[in-house]
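One structure below.
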Amino acid sequence: MHVAADPYPFAFEIASTALLVIDMQRDFLEPGGFGAALGNDVTLLRRAIGPNQTLLAAWRAAAGLVIHTREGHRPDLADLHPAKHRRAAAGPRIGEAGPMGRILVRGEPGHDLIADLAPLPGEPVVDKPGKGAFYATDLHSILAARGIVRLIVTGVTTEVCVSTTVREANDRGYDCLVLEDCCGSYFPGFHTAALQMIAAQSGIFGWVGHSGALLDALGTRQPTAPAGGGRA
Ligand code: C5J
């Protein structure tokens, strides 16, 4: 199977490819969460929800493996490096009380995945203390155990956790396709630049495409209604 992508079509088999949905958490996407408290416009991230829902439905229907990640820390913050803790001095810090519980702490409401993209039973959820999904997690083992060699990557934010994960995956030998409409950033310019960096130099970190092209490859894209509600 091939998906139209930049810099050239992405070849994959469903059985050896996982859909990796990065950090679609309430604290990043919901009004009143951590991201919003830092002054960010969460609508820039929420644009990715609908395309992810459509993609998840198609990928699940094709019996593809779905893995979700969440950025967060142990309640005792033992896995929070002081360097990470010190930053974001202008806003609420990790572990402090926020509108949806302690910020980016496992088990708190804000740490959870948004209801629109809730995992199904049996879909692995990887809790990660860092930006990259491979750092200090069992993601590599989960993928190896299932014979996964390619990743389709979506989620937030494009230039932070999506980008870091793709770079980590690249160095571990995975081919990654990042779907631009299924990712989001509080900074549109960073979103564009991060995607350009992935596909530049003949795909130095991977491929960039659109979910519509993947739906086409899976044969599940709905035909667009003719303009003006034309009749057949
Ligand atoms: C951030 C993330 N932006 N999931 N996390 O801190 O990209």
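Mind listing just one residue for me: the one in segment 172-183 that is out of contact with any Phe, Trp or Tyr (no Cβ under 9 Å at 6 or more places or on another chain) and either farther than 16 Å from Gly209 by Cβ or free of Cβ contacts under 8 Å to residues at least 60 places away in the same chain (or both) and, of those, nearest to the ligand (Cβ to nearest atom)? The selected residue is Glu180. For segment 152-171, how many residues meet the condition of being more than 16 Å from the ligand (Cβ to nearest atom) and either without any contact (Cβ under 8 Å) to a residue 60 or more places away in the chain or farther than 24 Å from Thr43 by Cα (or both)? Number of matching residues: 2.
The residue of segment 43-54 that is farthest from the ligand (Cβ to nearest atom), among those that are in contact (Cβ under 8 Å) with a residue 24 or more places away in the chain and surrounded by fewer than 22 Cβ atoms within 10 Å (Cβ to Cβ), is Thr54. Looking at this structure, is Asp79 surrounded by 14 or more Cβ atoms within 10 Å (Cβ to Cβ), within 18 Å of the chain's Cα centre (by Cα), modelled with pLDDT of 95 or more and not in a strand (DSSP E or B)? It is false that Asp79 is surrounded by 14 or more Cβ atoms within 10 Å (Cβ to Cβ), within 18 Å of the chain's Cα centre (by Cα), modelled with pLDDT of 95 or more and not in a strand (DSSP E or B). What number of residues within segment 82-122 satisfy the criterion of being closer than 29 Å to Asn52 by Cα, basic (Lys, Arg) and part of a loop (DSSP other than H, G, I, E, B)? Of the residues in that region, 2 qualify. Only residues that are in contact (Cβ under 8 Å) with a residue 60 or more places away in the chain and either surrounded by 19 or more Cβ atoms within 10 Å (Cβ to Cβ) or farther than 26 Å from Arg146 by Cβ (or both) were counted across segment 114-127, and they come to 1. The conditions of being part of a loop (DSSP other than H, G, I, E, B) and loosely packed, with under 13 Cβ neighbours inside 10 Å are not met by Gly132.
From the list His191, His140, the lone residue that is closer than 30 Å to His73 by Cβ, at pLDDT 95 or above, touching a Ser or Thr at 6+ places or on another chain (Cβ under 8 Å) and part of a helix (DSSP H, G or I) is His191. Picking from residues in segment 19-42 that are charged (D, E, K, R) and within 16 Å of the chain's Cα centre (by Cα), the one that is surrounded by the fewest Cβ atoms within 10 Å (Cβ to Cβ) is Glu30. A residue that is in contact with a Leu (Cβ under 9 Å, 6 or more places away or on another chain), of a type in the set (Lys, Arg) and over 27 Å from Ala213 (Cα atoms) occurs somewhere in segment 113-128.
Restricting Ser211, Ser202, Ser141 to those that are of a type in the set (Ser, Thr, Tyr), away from the ligand (no atom under 12 Å from the Cβ) and at positive phi reduces the list to Ser202. Inclusion of Phe10 among residues that are within 15 Å of the ligand (Cβ to nearest atom), under 17 Å from Cys182 (Cα atoms) and touching a strand residue (DSSP E or B) at 6+ places or on another chain (Cβ under 6 Å) is not warranted.
Here Asp27 meets the list (1) within 14 Å of the ligand (Cβ to nearest atom); (2) modelled with pLDDT of 95 or more; (3) part of a loop (DSSP other than H, G, I, E, B); (4) not hydroxyl-bearing (Ser, Thr, Tyr) almost entirely, failing just condition (3).
The values are calculated or read from the model by the stated rules, or taken from the named source; none is laboratory data. Bear in mind the structure is a predicted one, so any value in this text is a computation, not a measurement. No Cβ is skipped: glycine too gets one built from the backbone with ideal geometry, and neighbour counts run over all protein chains shown.
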